[in-house]
1. So which aspartates and glutamates can K8 reach, going by Cα to Cα under 19 Å and dropping same-chain residues fewer than 8 places off?
2. So, with a 1.4 angstrom probe, what is the percent of accessible area on the chain that is carbon and sulfur?
3. How far apart, in nm, are the 7 Å Cα→Cβ label points at T55 and K8?
4. What angle, in degrees between 0 and 90 and rounded to the nearest 10, separates the Cα long axis of helix 3-17 from the longest principal axis of the Cα atoms of the chain?
5. Before I look further, what does the chain give for accessible area per residue, probe 1.4 Å, in whole square angstrom?
6. Calculate for the chain the 222 nm mean residue ellipticity that helices alone would give, adding -39,500 (n - 2.57) per DSSP H run of length 4 or more and normalising by residue count, nearest 500 deg cm²/dmol.
7. How large is the Kirkwood hydrodynamic radius of the chain, in angstrom, based on all distinct alpha carbon pairs?
8. Among L13, L24, L46, which one moves the most in a GNM of the chain with springs linking Cα atoms closer than 10 Å?
Amino acid sequence: MDKAELAKVENYLRKTFGLKNIGLRPQPKKTDMAEVFIGDEFIATLYRIDEDGETEYQMQMAILEMDLEES
């Protein structure tokens, strides 16, 4: 994903979740993946999937049991 594409998705996420500090960081070795951060905290991975002439973005977030105990 190039900078323009990342900016579009990042703006969408900010608007959708109402978070100004959500950001995407590209993966240097992978062109179809970025990491999602809120501030400095990594929260998810974002994948671009191109299939049948369509592009979609999938965000995958893992929640560890130990994280639930802290809340």
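The values are calculated or read from the model by the stated rules, or taken from the named source; none is laboratory data. None of the values given here were measured: they were computed from a predicted structure. Counting neighbours? That spans all protein chains shown, and the Cβs are built from the backbone with ideal geometry, glycine included. Ligands, DNA and RNA are excluded from the accessible area calculation, which covers all protein heavy atoms including side chains. Shrake-Rupley method; radii C 1.70, N 1.55, O 1.52, S 1.80 Å.
1. Straight-line reach from K8, under 19 Å: D32, E35, D50, E54, E56.
2. Ligands and nucleic acids excluded, carbon and sulfur give 51 percent.
3. Going from the T55 label point to the K8 one covers 0.5 nm.
4. 40
5. It amounts to 81 Å² per residue over the chain.
6. So the helix-based figure for the chain works out to -9000 deg cm²/dmol.
7. 13.1 Å is the Kirkwood radius here.
8. The residue with the greatest mean-square fluctuation here is L13.
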